[in-house]
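Chemist: Provided herewith is a single structure, encoded as structure tokens, for subsequent inquiry.
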């Protein structure tokens with residue numbers, strides 16, 4: 001028994017040391033601008049930009065293969081920040097400002113087919129086979145992939161419900 005513990009400990013230490021050495025010598029250097037761009041992106045990995053996640057989108061922006069206006073959830077503010085970081089000019093005339101939206105499932109129409117939560121990139125939909133599904137609003141990015149996947153059309157995108165964490169004082173109207 002002690003021999004087995006000692007041999008597994010020695011094996012773990014040896015392999016851990018090899019992994020540490022390999023990580024140091026086989027490290028791939030990445031452009032620091034890619035990291036800065038990735039910090040600015042929302043990080044929701046929603047795929048609305050056409051890339052599988054925010055890391056590939058940041059690499060494409062840094063390489064000049066993608067526009068700084070590619071992120072719909074980030075909106076105009078993100079596009080302006082990315083343009084300032086990269087030192088490029090940006091045309092925001094074709095970019096419309098969108099209010100935040102989240103998915104909402106109408107329970108009386110949901111048949112529990114699970115197609116919606118299989119398509120959700122952020123796992124914001126909770127449910128199981130043949131049961132009603134619910135959207136966890138804090139995790140929903142409003143990408144609309146679940147709306148496209150739903151065969152019963154029971155999902156709609158609407159503004160998030162107001163809670164104490166997301167409510168803001170409205171701007172007063174001019175008299």
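Every number here is computed from the coordinates shown, using simple stated rules; none is lab data. Computed from a predicted structure; not experimentally measured. Here the Cβ positions follow ideal geometry from the backbone for every residue, glycine too, while neighbour counts run over all protein chains shown.
Chemist: Could you work out the relative contact order of the stretch 32-86? I mean the mean sequence separation of Cα pairs under 8 Å and 6+ apart, divided by the number of residues, in percent.
Modeler: It rounds to 32 percent for the stretch 32-86.
Chemist: While we're here: Quick check: the angle from helix 54-63's long axis to the longest principal axis of the chain, C-alpha only, nearest 10 degrees?
Modeler: 90
Chemist: Ok, one more. Order these peptides, 21-27, 73-79, by their mean beta-carbon neighbour count within 10 angstrom, highest first.
Modeler: Those peptides, ordered most packed to least, come out 73-79, 21-27.
Chemist: For a test of the definition: using alpha carbon positions, the gyration tensor, and the 1.5 limit on a/c, classify the stretch 32-86 as rounded, prolate or oblate.
Modeler: rounded
Chemist: Let me ask something else about it. Rounded to the nearest 500 deg cm²/dmol, what is the calculated helix-only ellipticity per residue at 222 nm for the chain, with -39500 (n - 2.57) per DSSP H run of length n ≥ 4?
Modeler: Result for the chain, helices only: -11000 deg cm²/dmol.
Chemist: Could you tell me the distance between the Cα centroids of the stretch 63-82 and the stretch 41-59, to the nearest Å?
Modeler: When both Cα centres are located, 11 Å separates them.
Chemist: Further, regarding this structure: What distance in nm separates the two pseudo spin-label positions at residue 167 and residue 4, each 7 Å out from Cα along the beta-carbon direction?
Modeler: About 6.0 nm, to one decimal.
Chemist: Hey, fewest Cβ within 10 Å first, where do 104, 133 land in order?
Modeler: Taking fewest neighbouring Cβ atoms as first place, the list is 104, 133.
Chemist: Separation between the residue 89 and residue 137 pseudo-spin-labels, each 7 Å from Cα along Cα→Cβ, expressed in nm?
Modeler: The modelled label-to-label distance comes out at 4.2 nm.
Chemist: If you compute semi-axes √(5λ) of the Cα gyration tensor in Å for the structure shown, which of (i) 45, 29, 12; (ii) 38, 30, 16; (iii) 31, 24, 14 do you land on?
Modeler: (ii)
Chemist: By how many nm would the segment from residue 157 to residue 123 lengthen if fully extended, with 0.36 nm per residue of separation less the alpha-carbon distance?
Modeler: Result: 10.6 nm gained on full extension.
Chemist: Same structure again: Using 1/(1 + (r/R0)^6) with R0 = 22 angstrom and r between the beta carbons of residue 106 and residue 130, what's the FRET efficiency to the nearest 0.05?
Modeler: FRET efficiency, residue 106 to residue 130: 0.85.
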